[in-house]
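J.: Handing you this structure, nothing more for now.
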Amino acid sequence: VQLQASGGGLVQAGGSLRLSCAASGSSSSINVMGWYRQAPGNQRELVARIISGGSTDYADSVKDRFTISRDNRKNTVYLQMDTLKPEDTAVYYCNAVGRFINAWGKGTQVTVSS
């Protein structure tokens, strides 16, 4: 499985961005897709994930601001990020997990200015 992420950029605090991650290859075997982020000096942390049945998990810090969704026909997962804060600044990574699958996309930088 290969993951191609896009959508990062620079935005002012309070603004919005939408990240996309398209999966190719044996994408039918993917059970969970998610987004992680890593800020300088910090460990990589889970932001949000969506399971094939549609249930979702969010980090407490992004609940009510971020929304993860998945288009199974396009094998694509989205992360809608609203009311962005400077502390959301990080490199965001797409992840896919399934039977014999644990794939990571290249990171995309999200920078939120105050």
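J.: How many Å² of accessible area per residue for region 16-82, probe 1.4 Å?
T.: 54
J.: Of Leu10, Tyr36, Asn102, which is farthest on the positive side of the dipole of the chain, counting Cα position, with +1 on Lys and Arg Cβ, -1 on Asp and Glu Cβ, and the Cα centre as origin?
T.: Going by the Cα projections, it comes out as Asn102.
J.: Let me ask another. So, with a 1.4 angstrom probe, what is the percent of accessible area on region 1-62 that is carbon and sulfur?
T.: 42
J.: Another question about this same structure. Excluding same-chain residues fewer than 8 positions from Lys74, which lysines have a Cα within less than 21 Å of its Cα?
T.: Leaving aside lysines fewer than 8 places away in the same chain, those within reach of Lys74 are Lys106.
J.: Right, here's the next one. As a test of reading the structure, rank Arg44, Arg37 by solvent-accessible area (1.4 Å probe, protein chains only), most first.
T.: Arg44, Arg37
J.: Quick one: order Glu45, Glu87 from most to least accessible surface, probe 1.4 Å.
T.: Glu87, Glu45
J.: Can you pull out the trypsin sites (Lys or Arg not before Pro) in region 66-96 whose DSSP state is coil and whose Cβ has at most 15 other Cβ atoms within 10 Å?
T.: When the trypsin sites (Lys or Arg not before Pro) of region 66-96 are filtered for loop state and at most 15 Cβ neighbours within 10 Å, Arg73, Lys74 remain.
J.: Report the gain in length on full extension from Asn72 to Ser113: 0.36 nm times residue separation, minus Cα-Cα distance, nm rounded to one decimal. Write out the running numbers ahead of the final one.
T.: Working: separation 41, 0.36 × 41 = 14.76 nm, distance 3.33 nm.
Here the segment from Asn72 to Ser113 would lengthen by 11.4 nm.
J.: Could you give the distance between the Cα centres of region 36-59 and region 91-112, to the whole Å?
T.: Spelled out, the Cα-based centre of one part sits 9 Å from the other.
J.: May I ask you to work out the translational diffusion coefficient for region 51-114 at 37 °C, viscosity 0.692 mPa s, via Stokes-Einstein with Rh from the Kirkwood sum over Cα pairs, reported in whole µm²/s?
T.: Result for D is 245 µm²/s.
The values are calculated or read from the model by the stated rules, or taken from the named source; none is laboratory data. Please read all numbers here as calculations on a predicted model, not as lab measurements. Glycine also receives a Cβ, built like all others from the backbone with ideal geometry; neighbour counts cover every protein chain displayed. What goes into the accessible areas is simple: the full protein's heavy atoms, side chains included, and nothing from ligands, DNA or RNA. Shrake-Rupley method; radii C 1.70, N 1.55, O 1.52, S 1.80 Å.
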